[in-house]
Amino acid sequence: MKFARDTWLIFQRQTQLLLRNPVWVFVGVFQPVMYLLLFAPLLKPALNAPTQAAAYKIFVPGLLVLLAIFGGLFQGFGLIAELRAGVIERSRVTPISRLALLLGRSLRDVVSLMVQAVIITLLALIFDLRVFIGDLLLAYLMLALIALMTSAVSYGVALKVKSEDALAPLMNTVAQPVLLLSGILLPLTFAPGWLQGIANWNPFSWAVDGTRALFAGDLGSDKVWQGLSITAVLAALGVYWAARQFARSVR
């Protein structure tokens, strides 16, 4: 009960800080919207899709995964600012759960990213994208797990490096190969065999495939349950590791 209350208090505070400057929600969604409006219309001939709606069913799930990955990986910058302002230091004298300090922040990030995902989905409906609500909610669950994992890892790394100058190139170095080896923007179906072999070791490629299967209405596909299982395990590991960093930093 105390842990749930502590998590809720941190979540409330972080959400209030976000709502005081909600422009960041729209800044975060700006780049995906540009991809949706300016890049997606080129995909129908590139993918040999029968209709523009079919092309969007391939592109939009990858775009949402991109949003969850990049939106989570760069949350650590805010924590470094809190470290510099002494917020984390003052937390040492409080009885609040150290895990709650992490989860309250990460859940705020998940909610923020889900709002952005809904905006992207609603915009895609204008381009004749159609998806069953149950499949969509399950896809959102996978996105939430990705956002939880990447956000937690970003906070843990931020506590390690304690510098924006170190965090920025590190996150970019991780994000770039993840993007290219996930088939986020374009499926890896026609990629060379060696590239597909490397991509199979990228857990985010499984998440992208699972999300695309859900948008295609293929709920029974193995890719869905494989993607959910992998992201759930990674989310648990990411939260566990980041919570240890919080426990060491806030004693």
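The values are calculated or read from the model by the stated rules, or taken from the named source; none is laboratory data. Nothing here was measured: the structure is a model prediction, and the numbers come from that model. Don't worry about glycine lacking a Cβ; one is built from the backbone with ideal geometry, like all the others, and counts go over all protein chains shown. What goes into the accessible areas is simple: the full protein's heavy atoms, side chains included, and nothing from ligands, DNA or RNA. Shrake-Rupley method; radii C 1.70, N 1.55, O 1.52, S 1.80 Å.
Given the options L228, T7, Y240, identify the residue whose Cα lies farthest towards the positive end of the charge dipole of the chain (+1 on Cβ of Lys, Arg; -1 on Cβ of Asp, Glu).
Among L228, T7, Y240, the one farthest towards the positive end of the dipole of the chain is T7.
Which of the aspartates and glutamates could a cross-linker bridge to K2, judged by Cα under 15 Å and excluding same-chain residues fewer than eight apart?
Counting by Cα, and skipping residues close in sequence, K2 has no aspartates and glutamates nearby.
Just subtract the alpha-carbon distance of T94 and F3 from 0.36 nm times their residue separation and send over the number in nm, one decimal. Walk me through the numbers on the way to the answer.
Working: separation 91, 0.36 × 91 = 32.76 nm, distance 1.33 nm.
Gain on stretching T94 to F3: 31.4 nm.
Let me spell out the model: positive unit charges on the Cβ of Lys and Arg, negative unit charges on the Cβ of Asp and Glu, origin at the Cα centre of the stretch 1-160. What dipole size does that give, in debye rounded to 20?
Values: 14 positive and 6 negative charges, 102 e Å.
Computed charge dipole of the stretch 1-160: roughly 480 debye.
R0 = 41 Å: FRET efficiency of I133 with Q196, Cβ-based, nearest 0.05?
On the way: r = 32 Å, r/R0 = 0.79.
Given R0 = 41 Å and the Cβ-Cβ separation, E is 0.80.
Could you sort K44, K160 by their accessible area in this structure, using a 1.4 Å probe and putting the largest first? Could you put the intermediate results ahead of the total?
Working: K44 75, K160 120 Å².
The most accessible residue leads, giving K160, K44.
In the stretch 90-143, which chymotrypsin sites (Phe, Trp or Tyr not before Pro) fall in coil by DSSP and have 16 or fewer other Cβ atoms within 10 Å? Numbers along the way, then the final one.
Working: sites: F127, F132, Y140; in loops: F127, F132.
Those satisfying the criteria are F127, F132.
For the chain, what does the helix formula give at 222 nm: sum of -39500 (n - 2.57) over DSSP H segments with n ≥ 4, over the residue count, nearest 500 deg cm²/dmol? Don't skip to the end; give the middle numbers.
Details: 12 runs with 194 residues, N = 251.
One gets -25500 deg cm²/dmol as the mean residue ellipticity at 222 nm.
Please compute the length gained on full extension between A168 and Q16, using 0.36 nm multiplied by the number of residues separating them and subtracting their Cα-Cα distance.
Length gained between A168 and Q16: 52.2 nm.
With charges set only on the Cβ (+1 for Lys and Arg, -1 for Asp and Glu), what does the dipole of the stretch 144-241 come to about its Cα centre, in debye to the nearest 20?
I would put it at about 120 debye.
Multiplying the sequence separation of L219 and F39 by 0.36 nm and subtracting their Cα-Cα distance, what value in nm do you get?
The L219-F39 span can extend by a further 62.0 nm.
On a 0 to 90 degree scale, rounded to 10, what angle separates helix 203-215 from the longest Cα axis of the chain?
Its long axis makes an angle of about 60 degrees.
Based on alpha-carbon atoms only, what is the radius of gyration of the chain relative to the globular estimate 2.2 N^0.38 Å?
Details: Rg = 18.6 Å, N = 251, 2.2 N^0.38 = 18.0 Å.
Output field value: 1.04.
Report the one residue of S97, A166, L186 whose Cα lies farthest in the direction of the positive end of the charge dipole of the stretch 95-202 (charges on C-beta: Lys and Arg +1, Asp and Glu -1; origin at the Cα centre).
Of the candidates, S97 comes out farthest on the positive side.
With θ set to phi - 60° and the Karplus curve 6.51 cos²θ - 1.76 cosθ + 1.60, what are the ³J(HN,Hα) couplings of the stretch 103-112 in order, to the nearest whole Hz, using x for Gly and Pro?
Values per residue, Gly and Pro as x: 5, x, 5, 5, 5, 4, 5, 4, 4, 4 Hz.
Under the Kirkwood approximation for Rh and a Cα-based Rg, what ratio Rg/Rh is obtained for the stretch 113-243? Walk me through the numbers before you get to the answer.
Working: Rg = 15.8 Å, Rh = 16.0 Å.
Computed over Cα atoms, the ratio is 0.99.
Could you run the Karplus curve 6.51 cos²θ - 1.76 cosθ + 1.60 with θ = phi - 60° over the stretch 138-155 and give me ³J(HN,Hα) per residue in whole Hz, x for Gly and Pro?
5, 5, 5, 4, 5, 5, 5, 5, 5, 4, 4, 5, 5, 5, 4, 4, 4, 5
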